[in-house]
Amino acid sequence: MLHMPERMQDAIEYQRRVKSSLGIDLRVAIPGIIQSVDYERQTCTVQPAIREQLNYNGNLQWVDIPLLPDVPFFVYSGGGYCLTLPVRVGDDCLVVFGDSCIDAWWQSGGVQNQADHRRHDLSDGFAIVGFRSQPQRISGFSSGAAQLRNADGSACIEISGSTINIKCSALTINGQTTIQGGTTIDGVSFLGHTHSGVESGGGNTGGVNA
């Protein structure tokens, strides 16, 4: 005869196995690596970066999760403006899986009926590019300023307090430009500098806005 603790242990083990089985199919978020990019559709193919351990006839094996195709990647935008960044093969990302099937919304926008009743499925991922593993971390990360920069820091627009610093090898500005306030170019005040040695009486010219 089985005693109560033994009966309870069997029930607990059964519940544990049920929860484990449900968890295999329930997707929330997973790190991934970009394999290809479609800029026209603004989607990417992602290889999930965490393997699953599955039981094959009593043998535990680590297997790759299949590639995730047509994953919309995040574009920072709002109010008619956007910041576009080049998503490249090999970039790390975080894939977040929707509660419901996203197919109809992704195709047509707006509020849509579900085309399928799947939940937290591998088919319904969104790629947030920018999360990084340690080998891909950014060097020289600023703790006191906002920066728009390349990875090695050789080109950078930095905002620190009320000051904006631009670092680059070449700067091209197209269109009409208005400059106000104290602007310094190569250590020289742009609006306040003068030129010496002019022919008209050996005096100095006025400033740029004179």
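The values are calculated or read from the model by the stated rules, or taken from the named source; none is laboratory data. Keep in mind the model is a prediction, meaning the values are calculated, not measured. Every residue, glycine among them, receives a Cβ derived from its backbone with ideal geometry; neighbour counts consider all protein chains shown. For the accessible areas, the whole protein counts, side chains as well, though only heavy atoms, and no ligand, DNA or RNA atoms are used. Shrake-Rupley method; radii C 1.70, N 1.55, O 1.52, S 1.80 Å.
Taking the stretch 6-49 only, how many residues are at pLDDT 95 or above and either touching a helix residue (DSSP H, G or I) at 6+ places or on another chain (Cβ under 7 Å) or surrounded by 10 or more Cβ atoms within 10 Å (Cβ to Cβ) (or both)? Let's see the steps before the verdict.
Residues of the stretch 6-49 that are at pLDDT 95 or above, as a first pass: 29-49.
With the extra rule that they be either touching a helix residue (DSSP H, G or I) at 6+ places or on another chain (Cβ under 7 Å) or surrounded by 10 or more Cβ atoms within 10 Å (Cβ to Cβ) (or both), the set shrinks to 29-39, 41-49.
Looking only at that region, the number is 20.
When the criteria are applied in full, Gly98 meets the requirement of being in contact (Cβ under 8 Å) with a residue 24 or more places away in the chain and either open to solvent by 100 Å² or more (accessible area, probe 1.4 Å) or over 29 Å from Asn150 (Cα atoms) (or both).
So, Thr194, is that one among the β-branched types (Val, Ile, Thr), surrounded by 12 or more Cβ atoms within 10 Å (Cβ to Cβ) and outside any strand (DSSP E or B) or not? Yes: the conditions hold for Thr194.
Of all residues in the stretch 125-138 being without any contact (Cβ under 8 Å) to a residue 60 or more places away in the chain and not aliphatic (A, V, I, L, M), which is nearest to Ala104 (Cα to Cα)?
First, the residues of the stretch 125-138 that are without any contact (Cβ under 8 Å) to a residue 60 or more places away in the chain: 126, 128, 130, 132, 134-138.
Among the residues that remain, those that are also not aliphatic (A, V, I, L, M) are: 126, 130, 132, 134-137.
On the way: Phe126: 15, Gly130: 27, Arg132: 31, Gln134: 37, Pro135: 37, Gln136: 35, Arg137: 36 Å.
Once the filter is applied, the top-ranked residue is Phe126.
Is it the case that Gly90 is part of a loop (DSSP other than H, G, I, E, B), in contact with a strand residue (DSSP E or B) (Cβ under 7 Å, 6 or more places away or on another chain) and over 23 Å from Gln42 (Cβ atoms)? So Gly90 fails the test. Across the stretch 157-192, what is the total count of residues that are in contact with a Ser or Thr (Cβ under 9 Å, 6 or more places away or on another chain) and among the hydroxyl-bearing types (Ser, Thr, Tyr)? Total meeting the criteria: 4. Are any residues in the stretch 150-162 open to solvent by 70 Å² or more (accessible area, probe 1.4 Å) and at negative phi, and if so, which ones? The answer is Asp152, Ile157, Ile159, Ser162.
Yes/no matrix, rows are residues, columns are (1) open to solvent by less than 70 Å² (accessible area, probe 1.4 Å); (2) farther than 28 Å from Ala29 by Cα:
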{"site": "Arg119", "(1), (2)": "no, no"}
{"site": "Ser133", "(1), (2)": "yes, no"}
{"site": "Leu148", "(1), (2)": "no, no"}
{"site": "Gln176", "(1), (2)": "no, yes"}
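The single residue among Ile159, Ile128, Ile173 that is farther than 27 Å from Leu94 by Cα and assigned to a strand (DSSP E or B) turns out to be Ile159.
Suppose the filter is more than 16 Å from Pro31 (Cα to Cα) and either within 21 Å of the chain's Cα centre (by Cα) or not in a loop (DSSP other than H, G, I, E, B) (or both); does Pro69 pass it? Spelling it out, it is not the case that Pro69 is more than 16 Å from Pro31 (Cα to Cα) and either within 21 Å of the chain's Cα centre (by Cα) or not in a loop (DSSP other than H, G, I, E, B) (or both).
Filtering the stretch 98-117 to residues that are farther than 24 Å from Pro31 by Cα, out of contact with any Ser or Thr (no Cβ under 6 Å at 6 or more places or on another chain) and part of a loop (DSSP other than H, G, I, E, B) leaves Gly109, Gly110, Val111, Gln112, Asn113, Ala115, Asp116, His117.
Across the stretch 178-191, the qualifying residues are those that are open to solvent by less than 60 Å² (accessible area, probe 1.4 Å) and among the polar types (S, T, N, Q), and the one among them that is nearest to Asp91 (Cα to Cα) is Thr183.
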